[in-house]
1. List every residue whose amide H lies under 5 Å from the amide H of ARG22, counting only residues 5 or more places away in sequence or on a different chain, with H placed 1.01 Å from N in the peptide plane.
2. HN-Hα J couplings of region 12-18 from phi, Karplus 6.51/-1.76/1.60, θ = phi - 60°, integer Hz, Gly and Pro as x?
3. Using the Karplus equation 6.51 cos²θ - 1.76 cosθ + 1.60 (θ = phi - 60°), what ³J(HN,Hα) coupling, rounded to whole Hz, does each residue of region 94-103 give in order, writing x for Gly and Pro?
4. Specify, per residue and in Å³, the volume enclosed by the convex hull of the alpha carbon atoms belonging to the chain.
5. Run the Debye formula on the Cα coordinates of region 72-220, all scatterers equal and no solvent, and tell me log10 I(q)/I(0) at q = 0.12, 0.21 1/Å.
6. Restricting to the chain, compute how many DSSP beta bridges are antiparallel as a %, nearest 5.
7. Residue by residue, what Karplus-based ³J(HN,Hα) values in Hz, rounded to whole numbers, does region 177-193 have, using 6.51, -1.76 and 1.60 with θ = phi - 60° and x for Gly and Pro?
Amino acid sequence: MTAETVAEGVGRLADLVRSSQRIVALTGAGISVPSGIPDFRTPGEGMWEEVDPMKVANIEAFHRDTRAFWDFYRPRFDMLSDKLPNAAHLALAALERAGRLDAVITQNIDRLHRSAGTRELIEVHGSVDTSSCTTCGASWPLEQVEGLFDDEGIAVCSGCMGKVKPDVVLFGEMLPVAAIQRARELAESADLMLCVGSSLEVFPAAGLPELTLANGGSIAVLTIGPTPYDGDAHVRLHDDVAEVLPALVEALGASAEAA
Ligand SMILES: [Zn+2]
C-alpha cells in the first residue's frame, strides 16, 4: 500500500463526516497524551510504572488502606489539576459547536473535554472533577480536595469526618449506569463513530463501536496503536490526533462556523 499523507487521510475522514448525520466521538487516553498525561497502558510511561493500578486504584484497597490509596492518588490529583486541553480536545469541541458532533463519550477521568468546551459529555469512568464523602455524600471540586487531608494523609469530610473518595470508577466498582446507558444509546443511533486515542480493548468502550456497526453505521479509528476494530474501520489513521482533528475541523470549515 502506498503511504498516505496526513492530508489525504484527513480528506477521506472529512468526506466520511460530510456524508454522516449523527456523529459521536469515543475517546481514550491517547487524546490526553499531548496534554502531558501519560497513558498507563503504555509500558515504561509515567506514574503507573512502579505500581499495579489494579491493586492501588481499587475500591477494596481504598477502604482497607485509605492512606496508601491517597499516597498514590494525591500526587496524581496534583498532576492533573494544572493540565490543559490540547488541540485534539479543542477540535472536538469545535465540531460540536459547528453541529458536526452530537456528543463525546470518554474513558478519561481528566476532565479535559469539559475544559475544552464540550457540552454533551459522557464520562463512563467518572472524573476527578469532584470527590465525595463516602458516608454523607458531600462533594468538593478538585481544587478543594487538597484542603481536606488530615495529618495521616487521608482526605476527610469536613462535615462528618467520613472518608472522601474521588468520583472516578475504581477497579471493583460498578460503572455509572446512566452514563453507560446513554453511551450505548448514542452508539446505536450514530451513523459515524470517531474512535480517538483508544485501544478499544477496555469495557465499556470496547463494545461501543460494535453497536454502531451493528446498526449500519461507520467507524473511524484514529489512534497510534492497533485496535480490535482496525479491520472494520472505514477510515483508519495512525497519525497524531492533535494534528489530525484540527486539520479535520479546517477541512470541514467548522472553525468558521463556531460560535
Ligand atoms: Zn461526610
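Read the figures in this text as sums done on the coordinates, not as results from a lab. Just so we're clear, the structure is a prediction, and the values are computed from it rather than from any experiment.
1. ASP191, LEU192
2. Values per residue, Gly and Pro as x: 5, 5, 4, 4, 5, 5, 4 Hz.
3. Coupling constants for region 94-103: 5, 5, 5, 4, 7, x, 9, 9, 7, 6 Hz.
4. In the chain, the Cα hull volume divided by residue count equals 127 Å³.
5. Debye intensities relative to I(0), on a log10 scale: -0.57, -1.32.
6. 30
7. Once rounded to whole Hz, the list reads 4, 5, 5, 5, 4, 5, 4, 5, 4, 4, 5, 5, 8, 6, 9, 8, 10.
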